[in-house]
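Novice: Once you've had a glance at the structure underneath, I'll fire off some questions.
The values are calculated or read from the model by the stated rules, or taken from the named source; none is laboratory data. These figures come from a predicted structure and were not determined experimentally. Methodologically, a virtual Cβ is constructed for each residue, glycine included, from the backbone with ideal geometry; neighbour enumeration extends over all protein chains shown. Just the protein is used for accessible areas: all its heavy atoms, side chains included, with ligands, DNA and RNA removed. Shrake-Rupley method; radii C 1.70, N 1.55, O 1.52, S 1.80 Å.
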Amino acid sequence: MCAPYTCGIVLTVVGAGLVIIISLGGFVAVPKIIVSTITDNVALINGSEQFERFEVVPVIMNFTVHLFNITNPDEVLEGGVPRVTEIGPYIYTMEQKRVIERIEDDRLTYHIWNLMQFDPVGSYPNTEDDFITMPNVPYHAVLGTTEGDFPFLMGIINSGVDGIFGEYNQPIATFRVGDILFKGVPICKDPVVVSGVVCTVIRSMLPDIQNMVLQNDGSILFSLFAYKNMTESYRYEVYRGIEDVHDVARIIRYNNLPFFQYWLNPNPGEISVCNMINGTDSGLYNPFMTKDKPIYAINPDICRSIRLDFVREMEYEGVPGYRYTVDESMYADDYGCFCLNITQGITRENGCLLKGACELFSCVGAYLVLTHPHFLFADEAYQNGVIGNMPDLEKHVPFIEVEPYTGIVLSGGKRAQFNVFLRPIRGITATQNFRTVLTPLFWVDEGMSLTEEFVDQIKDELLLALKLIDIIIPILLSVFSIMLVAGIIMITRRKLNNDKLGDNIPTSYNK
């Protein structure tokens, strides 16, 4: 046992030293090591785990389709209000790969390849053999486009509708689900003289219409999503994050261009906000995210960049993260450049769509209209146009959840609804009684979530290091601070005792 004074000095010196060491190590050195480790692991370096995960996406991806069934088609054909019921889900598993084409300095070029397969278990009791009654999408796509581009043909098309669309020769039709989604619905299968002329015109438009494919016999197959399955996407060029880790996966060029060409550029020589390419392909984000900064991703299906803002902290399978979503301004078109002014229907006086809707003609080659599912955030004129809408913020808003230190996506959902205006089409007898109404066709949820294996890897490699700072370091700092305080108390007490002894010594003795 050491003397109290000596022990006090030892405790003070050792405690102070350890407090300084732990403070510098725990709050300066260790965080720097973690930041450096994350930086090294996040960059897309060939041969690294991050690069391998970027090539073959280690997540569970589902492409879920919800179709709207019209329950009163005869009434709608006579001008009645459509009554719709959501049918689904029809779930397709999606295996995704990024096929690397070129690596050069801090840049990476690739295209995306998807393999989609119907999931009968996840979709149960729904099957691809179900039947759905809905607006006849190829019918409205062909006739609407012809009306706009070749109005002089409308007089003869009415008599040739049967030869163009065959058994699907009505503006509202019943389809087998698997056919309309992926397998395809035939048009121009047995055209005669009049319909043959129209089909020739349709074939000339095919390069600009992603949903139609020419067959060897000259017929055309229309499907909603076949273009997404086992086909190559446009080319992406992105930063690898070697020079600046905050740029990792950020898109430089898409389809060999640094901007989109789908939307308006009101000022000559300037690229509008609508055509700007911002963010990533939504598979990865930059590390060290903060709540005050939005994140961006492009969605090729709707030909635009999407802004998502932080809304709350969350947890996915024990991994803390940030949740980001869009708001009402997504389809507000505050900049005016999303207004193509070519889609006929319920519009403003200037021809632009009302709040919460966006034209898609320049994107998909058909007069489709984009909204949130169930017309969430949309103008009441659209919401009240059909009976059966049930908008739900949690179910229908697009979102993404990200681990903020690494930028790894934990889960997410690209959610969008595609609609068409049922309206009288000039010269087409079957449409003349239509009430003009924006009618929902389907909404999709392209969702993803991390695999259990990858979640465990994040916990082992990242969370343990963070716990070192959040738990162990404060505990050690508290213990060593107690040592420091105890030493100071012992020294102070010894000094006070010595002062008292000095006061009690007799004066004569002091002399």
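Novice: How many residues, within segment 312-333, are in contact (Cβ under 8 Å) with a residue 60 or more places away in the chain and either loosely packed, with under 15 Cβ neighbours inside 10 Å or over 17 Å from Gln417 (Cβ atoms) (or both)?
Specialist: So the count comes out to 10.
Novice: Looking only at segment 84-100, decide whether some residue is in contact (Cβ under 8 Å) with a residue 24 or more places away in the chain, outside any loop (DSSP other than H, G, I, E, B), surrounded by 14 or more Cβ atoms within 10 Å (Cβ to Cβ) and more than 26 Å from the chain's Cα centre (by Cα).
Specialist: Yes: one or more hits.
Novice: A further question on this structure: Pull up segment 119-138, narrow it to residues that are aliphatic (A, V, I, L, M) and in a helix (DSSP H, G or I), then point me to the one that is most open to solvent (accessible area, probe 1.4 Å).
Specialist: The residue in question is Val121.
Novice: Could you list, in sequence order, all residues of segment 205-250 that are within 19 Å of Trp113 (Cα to Cα) and open to solvent by less than 50 Å² (accessible area, probe 1.4 Å)?
Specialist: Correct list: Asn211, Ser223, Leu224, Phe225, Ala226, Lys228, Asn229, Ser233, Tyr236, Glu237, Val238, Ala249.
Novice: Also: Quick one: Arg253 ticks every box in (1) in a strand (DSSP E or B); (2) surrounded by 14 or more Cβ atoms within 10 Å (Cβ to Cβ); (3) under 18 Å from the mean Cα position of the chain (by Cα) bar one, so which box is it?
Specialist: (3)
Novice: For segment 367-379, which positions are part of a loop (DSSP other than H, G, I, E, B) and open to solvent by less than 10 Å² (accessible area, probe 1.4 Å)?
Specialist: Result: His372, Ala378.
Novice: Identify the residue in segment 62-76 that is assigned to a strand (DSSP E or B) and not aliphatic (A, V, I, L, M) and, among all such residues, is most open to solvent (accessible area, probe 1.4 Å).
Specialist: Selected residue: Asn62.
Novice: Would a scan of segment 264-275 turn up a residue that is open to solvent by less than 50 Å² (accessible area, probe 1.4 Å) and aliphatic (A, V, I, L, M)?
Specialist: Looking for residues that are open to solvent by less than 50 Å² (accessible area, probe 1.4 Å) and aliphatic (A, V, I, L, M), one finds none in segment 264-275, hence no.
Novice: Cβ contacts < 6 Å: first residue closer than 13 Å to Phe361 by Cβ, restricted to segment 142-153; second residue of a type outside the set (Val, Ile, Thr) and buried (at least 18 other Cβ atoms within 10 Å of the Cβ), any location; separation 6+ or different chain. Result?
Specialist: The qualifying pairs are Gly144/Tyr367.
Novice: Does segment 399-410 hold any residues that are open to solvent by less than 10 Å² (accessible area, probe 1.4 Å) and of a type outside the set (A, V, I, L, M, F, W, C), and which are they?
Specialist: Within segment 399-410, Glu403, Gly407 qualify.
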